[in-house]
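See structure below.
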Amino acid sequence: MEDSKKIIVDAAKQYAMYLAKNIPQKFDSGEVKYYFSGSLAMLLLSSAETIKTSFLDGKGRFVGRANEIVVSKKAKDALLQGVRNIGIDVDVVTIDDNCFDGMGKIYNLSTVRQNCDLATKLCPAWEKHNGTMYFDMLSDERKITGHDVAEIITKDGNRVYVSSPISLIMHKFADTIVCLTAMQRYKRKDHINLEGLREESEKYVKDINDFTSMFNCVVSIYPLLDFEGFIKHTLEMCPQTAFSRVLTDDNSQAMIKLFINDAKELVDDKGAFLDFARAITSENERLVNGGREI
C-alpha cells in the first residue's frame, strides 16, 4: 500500500476506534446504537482482517447474521483504489437517537485532534475547524426500517460497526446518479453554470472511483450475488433515501446508462457488473411503470 494511502487508512481506524471506545456502538443488552457509513466505512473496510455482516431491525436488534469472512488481499487491493481523504463530515447512521447526547466533549474537533494525531490526515479540513459536530446523520429525516451492517475486526482485534459492503455500493450508485443529474442541470443551454459543473464533475470522478473500488471488493468477497434481491431489499429498508428517489424517477434512465458506460471500464468482473446493470435498469423501468412487471 502506498504510504500516503496507508496513513489515511490508519487515520480512519484511529478516529473510528476512538469514537467507538468513548461512545460505544452497542448497548450492554446487545442492540446497536449507531454505525459508520460512506467514505469512512469504506476506509475502515480497508483495515479489516475479517467482516461479519448482519441485519438489524429498526431498533438495532440482530435479526440475522452471516458467517465471518476473511477480507482477501484481492479485496483490499480493490479498496485501495478508492482510498482518499474524507470530506468535512463523517456519515453516521444513528439507531438510538440519543446516542450522542452529552458527548460533545468527545467528538469536539479540538478533542479529536488531541486524541487522534492522524485526524487531519483523514480530513485535512479539520485542521482549520473547531466545533462539536461534524457528522452527517443519514438517519435524520429518513425512514430506515432495517439496517444492513458489517462488524469489522481489525488485525489488532478491534471491532467497529459500519454499513455492509453491499449497502455501500447501492447508496454510492445513487450518489453518482444524483451527481450526474446535477451535471446535466448545470449544462443547460440557456444558462451554463461553469463553477457548478466543475464541482460536480470532480465529485463524479470521485463517486465513480468509490463505486468501482467498492464493487470490485464486494465481488471478490461474495461469490454469489443476487443483485435483484439486494436492490429490492434496499428499497424496502430505505424508502426515503436517494437510492429510492433515483430508481423511481423516469429521468434517471439516461443517467443510469451514462453511469454504466463510465463504470464498466473500471470494474474487474465485467460479468458481475453487467448483472448489476441489468438488475438496476430493470428495477428502474419497473418502478417508473408504476411498479408493474415489464
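Quick look at the numbers
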| read-out | value |
| --- | --- |
| Flag if residue 45 is closer than 24 Å to residue 169 by Cβ, touching a Leu at 6+ places or on another chain (Cβ under 8 Å) and open to solvent by less than 40 Å² (accessible area, probe 1.4 Å) | yes |
| Residue match in segment 91-101 (condition: under 30 Å from residue 222 (Cβ atoms), part of a loop (DSSP other than H, G, I, E, B) and free of Cβ contacts under 8 Å to residues at least 60 places away in the same chain) | no |
| So residue 144, is it out of contact with any Ser or Thr (no Cβ under 7 Å at 6 or more places or on another chain), within 30 Å of residue 275 (Cβ to Cβ) and aliphatic (A, V, I, L, M) | yes |
| Residue list for segment 1-36, filter: among the hydroxyl-bearing types (Ser, Thr, Tyr) and over 19 Å from residue 69 (Cβ atoms) | 4, 15, 18, 29, 34 |
| One residue from 176, 120 being farther than 25 Å from residue 256 by Cα, of a type in the set (S, T, N, Q) and buried (at least 17 other Cβ atoms within 10 Å of the Cβ) | 120 |
| Filter result (open to solvent by 20 Å² or more (accessible area, probe 1.4 Å) and either closer than 19 Å to residue 22 by Cα or assigned to a loop (DSSP other than H, G, I, E, B) (or both)) within segment 67-90 | 67, 68, 72, 81, 84, 85, 87, 88, 89 |
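Conditions tested, residue by residue: (1) aliphatic (A, V, I, L, M); (2) outside any strand (DSSP E or B); (3) over 22 Å from residue 137 (Cβ atoms).
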position: 4; (1), (2), (3): no, yes, yes
position: 28; (1), (2), (3): no, yes, yes
position: 44; (1), (2), (3): yes, yes, no
position: 51; (1), (2), (3): yes, no, yes
position: 54; (1), (2), (3): no, no, no
position: 60; (1), (2), (3): no, yes, no
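The values are calculated or read from the model by the stated rules, or taken from the named source; none is laboratory data. This one's a predicted model, so the numbers in the text were calculated from it and none came from an experiment. Neighbour counts run over all protein chains shown; Cβ positions are idealised from the backbone, glycine included. To get the accessible areas, we keep the full protein, side chains included, count just its heavy atoms, and leave off ligands, DNA and RNA. Shrake-Rupley method; radii C 1.70, N 1.55, O 1.52, S 1.80 Å.
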